[in-house]
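*Asks:* Pasting a structure below so you can have a look.
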Amino acid sequence: MAVELADLLERARTYLSEDRLLLVEQAYEFAAAQHDGQLRMSGEPYIEHPLNAALYLADLKQDSATLAATLLHDVIEDCDLSKEELEERFGAEVSRLVDGVTKLTRIDLISEGRLDEEISDSHAQAESVRKMLVAMAEDVRVVVIKLADRLHNMRTLGALPLKRRRAVAQETLDIYSPLAHRLGMWDIKWQLEDLAFRAINPVEYKDISRRLATRRVEREAYLERQCQSLRETLEAAGITADLNGRPKSIYSIHRKIQKYSAQGKEYDEIYDLYAIRVLVDTNADCYNTLGVVHQLWHPVPGQFDDYIATPKENMYQSLHTTVMCEGGIPLEVQVRTFEMHNLAEYGVAAHWTYKEGRSKDGQFEEKMAWLRQLLEWQREVAGTDEFLESVKTDIFRDQVFVYTPKGEIRELPSGSTPIDFAYHIHTDLGHRCIGAKVNGRLMPLDTVLQNGDTVEVVTSKVARGPSMDWLNSALGYVNTASAHQKIRQWFHKLERSAHMEQGHELLTKTLRRLPRHITESDAMKALKFDTVDDLYIALGSGNLSAAQLENRLSPQVEDAPAPATYHTQPPESPTTGIQVLGVGDLLTRTARCCNPVPGDEIIGYITRIRGITVHRTTCPNVINEDEKERLVAVSWGPSQDLHPVRVEITSWDRVGLLRDITTMVSGEKVNIAGVVTAEPGDGTAVITLTLYTTGVSQLSRLFSRLDGIKGVLNVNRAAAGTTPSTNP
């Protein structure tokens, strides 16, 4: 261990004074004593982990407080040590940094032995990112330490079980790598990506590695020739530069392959597999070097970017150009100053170098202001899934500052619209938004807000809700994940309410048509729904049709009582589809008092001169029959003719109503034997049809079709006891 401590001190001594080195040495000795006897899952002593993280940060020339906190970052969590004890020994700054890292570690997926199976990966990710935002807002060095911690854990990922290994790797790609990019730390970003990619997709990782390895010697020789040619040309132009071949990360090549494959291109067509980085002293040298490069080699059209004049949001600056070199091979050339390169490699970490005690960098503080403003906005998002979606789409994007009418500043992702602004202020404000004023002028709701705009939301007096068009990304009304989520929640709630209302109406109508009485509760249990509301929603959403409901409930009504009522005589229809005691084809006819149809439960009555009359088993005439010996068992046979049934239709009265009804019935190939119409005087019409039907299934289908006729309010089997006259 002494050798590794000596290595750390040797690296730190290049930029730290001896008194600062003493703090680092004391932190190491204290951490080693606290972790004594503790082992990692790989079997190595636990102190190896914080030491390796500190070695990486020493290469980044981090200050003594950061190095000490890195060495101590697990002692509060693993060694039963309080923040106060740590502060007493190492001071408030180190204690605060360690406490910040500890708060992140307590929910982190990678923490050895702490993965709670009851907490979902998405929940852990969301909580980890929330805490990271808080920590970054207080001191960004906390996240720099956390990224170094994650880097070493990814390097030793093989000690974890496969499931956890892949979960941690995916979290690294989703959260930590984009975070490193947002903070401008390219060096740690590409390492995290490659290590995570190797864990998630080892086969493709090895394939790309093999492709690179097979041409490595050739590629290095080629790049050395181009570097020498450019170096000589720059010296002739009086420009001093440091040139080297720029390595391409395996994960970035994987993403390029995916992109090129979608465009029908091959692996060999990737432009920046061959690349040179040129480091010079000044901005002027950057542009002079670019001129020399374009004179030496022919530039590829559309492959030039000036990130010096227009830096990226993570403070990255460089000139990028692609030229055609020897053998027609495309070569990417990056030109930047040494200072730009340091910032590009290490990002925000470059702002904590050996110049301890210097005044704060005002430009850096201004660039990091997005973090503190963003933290306030993210606190409004409650749901885990919603928060993660918001993080991935909103956090790592440019920000725009706008003002409320009261002059309060709000920060939103670049590309936000007045609707995004409204939902950012309050969900109800977004639901009631009907227009917007930007800088005092009425503007379209798809207007993209700019820095400094003052936005006033115009609302309706009643909450009429959002428009479905707002969810259409092609129309550009809403561009933030949080606003999308709130709009989707509104429509989900609205659809549920509408489905329940429609389903209740359909259920009521369907139960009224059934041959026997059945309650909503009976229907719910028969169809195995947990609640009546679930049954309503299934019907209202169309997942369960009215016809399916009738068919499935028909066998369930056998034990339900029927009212003791009488029907008057419809036109007689003999049938040969009834079997009597299994003896064959006796003379049978359906009773006019109860009009049984196939599907009804029936019983036969032996008449004196007209054979067997078939009744429903619940027919009052059968129930009250004194001569029980005249009752015989009958059943519906396989061959069925038409059977009479009365249907009562209640509708708003209008011209053409009867025509539409009879046309619909005829279209279903149902014969109409009689029609009776009545006008109660309240604007409605009651039409009673006497129909011949093949059975319950045809009748159910017909009822559904009649329900769809304009103005129809109710369709039911005619109430018993009515005495309509028959009009041919």
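Every read-out reported here was derived from the displayed coordinates using simple, explicitly stated rules and does not represent laboratory data. These figures come from a predicted structure and were not determined experimentally. Every residue, glycine as well, gets a Cβ built from its backbone with ideal geometry; the counts of neighbours run over all protein chains shown.
*Asks:* Starting with the fewest neighbours, write out 636, 490 ranked by other beta-carbon atoms found within 10 Å of each beta-carbon.
*Replies:* Working: 636 20, 490 17.
Least to most surrounded, the residues fall as 490, 636.
*Asks:* Then there is this: Amide H of residue 684: which non-local residues (sequence gap of 5 or more, or other chain) have their own amide H closer than 5 Å, using H built in the peptide plane?
*Replies:* Amide H neighbours of residue 684: 653.
*Asks:* Rounded to whole Hz and in sequence order, give me ³J(HN,Hα) for the stretch 285-292 from the Karplus expression 6.51 cos²θ - 1.76 cosθ + 1.60, θ = phi - 60°, writing x for Gly and Pro.
*Replies:* 3J(HN,Hα) across the stretch 285-292, in whole Hz: 4, 4, 6, 5, 4, 4, x, 5.
*Asks:* Additional query: May I ask you to evaluate 6.51 cos²θ - 1.76 cosθ + 1.60, the Karplus curve with θ = phi - 60°, for each residue of the stretch 414-421 and list the ³J(HN,Hα) values in order in whole Hz, giving x for glycine and proline?
*Replies:* 4, x, 5, 10, x, 5, 4, 4
*Asks:* Next question. Multiply the residue gap between residue 213 and residue 225 by 0.36 nm, knock off their C-alpha separation, and tell me the result in nm, one decimal place.
*Replies:* Numbers: separation 12, 0.36 × 12 = 4.32 nm, distance 1.91 nm.
Contour length minus Cα-Cα distance gives 2.4 nm.
*Asks:* Which value in nm describes the separation of the simple spin-label points at residue 512 and residue 14, placed 7 Å from the Cα toward the beta carbon?
*Replies:* 8.8
*Asks:* If you don't mind, another one. Could I have the simple spin-label model distance between residue 531 and residue 232, label points 7 Å from Cα toward Cβ, reported in nm to one decimal?
*Replies:* 8.3
*Asks:* Using amide H atoms built 1.01 Å from N in the peptide plane, name the residues 5+ places from residue 185, or on other chains, whose amide H lies under 5 Å from its own.
*Replies:* Here the answer is 348, since their amide H atoms fall under 5 Å of that of residue 185.
*Asks:* Stretched out fully, how many nm does the piece from residue 33 to residue 679 gain, at 0.36 nm a residue minus the Cα gap? Each step should come with its number before you reach the end.
*Replies:* Values: separation 646, 0.36 × 646 = 232.56 nm, distance 9.77 nm.
That pair, residue 33 and residue 679, stretches by 222.8 nm at full extension.
*Asks:* Output the pairs from 406/437; 437/461; 189/248; 461/486; 525/669; 259/486 with a Cα-Cα distance over 23 Å in this structure; if there are none, say none.
*Replies:* Working: 406/437 14 Å; 437/461 17 Å; 189/248 12 Å; 461/486 20 Å; 525/669 35 Å; 259/486 32 Å.
Pairs exceeding 23 Å: 525/669; 259/486.
*Asks:* Report, by chain and number, residues whose modeled amide H sits under 5 Å from the one on residue 42, excluding near sequence neighbours (fewer than 5 apart, same chain).
*Replies:* So residue 42 has HN proximity to no qualifying residue.
*Asks:* Which length gain, in nm to one decimal place, applies between residue 662 and residue 494 when the Cα-Cα distance is subtracted from 0.36 nm times their residue separation? Display every interim value, and only then the final one.
*Replies:* On the way: separation 168, 0.36 × 168 = 60.48 nm, distance 3.71 nm.
Going from the current span to full extension adds 56.8 nm.
*Asks:* Still on this structure, I have one more. Cβ neighbours within 10 Å, averaged per peptide: list 504-510, 171-177, 31-37 in order, most packed at the top.
*Replies:* 171-177, 504-510, 31-37
*Asks:* Sticking with this structure for a sec: What order do you get for 550, 193, 627, 85 when you list them from fewest to most C-beta neighbours inside 10 Å?
*Replies:* Numbers: 550 21, 193 25, 627 8, 85 13.
Ranking 550, 193, 627, 85 by Cβ neighbours within 10 Å, fewest first, gives 627, 85, 550, 193.
*Asks:* Moving on to the next point. Could you derive backbone 3J(HN,Hα) for the stretch 450-455 from the dihedral phi with the Karplus parameters 6.51, -1.76 and 1.60 (θ = phi - 60°), listing whole Hz in sequence and x where the residue is Gly or Pro?
*Replies:* Values, residue by residue: 10, 4, x, 5, 9, 10 Hz.
*Asks:* To make sure I understand, if each residue's beta carbon is the centre and we count other beta carbons within 10 Å, what order do 95, 666 fall in, fewest to most?
*Replies:* Working: 95 22, 666 11.
Going from least to most buried by this count: 666, 95.
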